[in-house]
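Take a look at the structure set out below.
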Amino acid sequence: MDLIETQLQNPMKHWYYKYKYSFIKKLIVKYSNNFKVLVDIGAGSAVFSRQLFKDFPHVSITAVDIGYGTEQLDDSSHGVKYLKELRNSDADIYILTDVLEHILDDSSFLQNYAGMAKNDSLFIITVPAMQSLWSGHDLFLKHYRRYSLENLKQLITTSNLHLLEIRYLYSLLFPIAWIRRRFIIKSDKKSELREFGFCINMSIITLLFLDAHLFRKLNFGISLIAVAKKI
């Protein structure tokens, strides 16, 4: 979650973060049996880092973000270590959730961390998808781009990572997002993230259950998620 998005009281109860985190956790369990060190690159408010520590309390977790100040760097209350910069690492897993779109030279950025990583370490990456969804929301968050599945595949493979799995997320919500961003809020330079009532939030979560299990092959979505391995 970006440091400039502070409007949610409990992000992990919000349908957007709850759904994305469920995939991150699923991929970790699927591809890494006994990991001990995890680094969250561009962690922002470290929502996922803190949740991962709750779910995997035996793991050493470090959140890295150039935006951290003294308050975050001195905070040890959630079992997570905070750094402004990672210079070396022996991590088993690196997660980059909605980070690459903020980097002008995303290729060099990913190659840097891939070069730092030890062999067989895992990379879990999420990015905003579909340039047709570009709107004031992206401008507010200081994005340079949105990605297609092929864009992200190429970025990963040219970083000397072996792609294991990739798919779109929130596919069933894509038509609604497309209409809103093309015709309603296209030029509004603000975040679309907002609180929902319990009933609406749970309804969207139920819809996304279908998205996860019945519509996994759709070639469009609001986000992309990929998992790759350093070889």
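Readers should treat all values here as calculations from the given coordinates under stated rules, not as data from a laboratory. What you see is a predicted model; the values in this text were computed from it and never measured. Reconstructed Cβ throughout: ideal geometry from the backbone, glycine too, with neighbour counts over all protein chains shown.
Observations on the structure shown:
- Residue range of the chain that is longest and free of trypsin sites (Lys or Arg not before Pro) which are both DSSP loop and sparsely packed (at most 13 other C-beta within 10 Å): 37-83
- Here the extension length gained between ASN219 and THR206 equals 2.6 nm, from 0.36 nm per residue of separation less the Cα-Cα distance.
- Restricting the calculation to Cα atoms, the range 74-173 yields a radius of gyration followed by a Dmax of 14.9, 41 Å.
- Ellipticity estimate at 222 nm from DSSP helix runs (n ≥ 4, -39,500 (n - 2.57)) divided over the chain, nearest 500: -9500 deg cm²/dmol
- Ranked VAL59, VAL39, criterion: other C-beta atoms within 10 Å, fewest first: VAL59, VAL39
- Among the listed pairs LYS25/LYS217; LYS18/LYS118; LYS18/LYS81; LYS13/LYS118, those beyond 27 Å (Cα-Cα): LYS18/LYS118; LYS13/LYS118
- Loop-located GluC sites (Glu not before Pro) in the range 49-109 (DSSP state not H, G, I, E or B) with no more than 10 neighbouring Cβ atoms inside 10 Å: GLU85.
- Compared with the direct C-alpha span, the chain from LYS30 to VAL59 gains 8.8 nm at full extension, assuming 0.36 nm per residue.
- Of the options [x] 18.1; [y] 20.9; [z] 17.7, only one is Kirkwood radius over Cα pairs in Å as computed from these coordinates, and that is [x].
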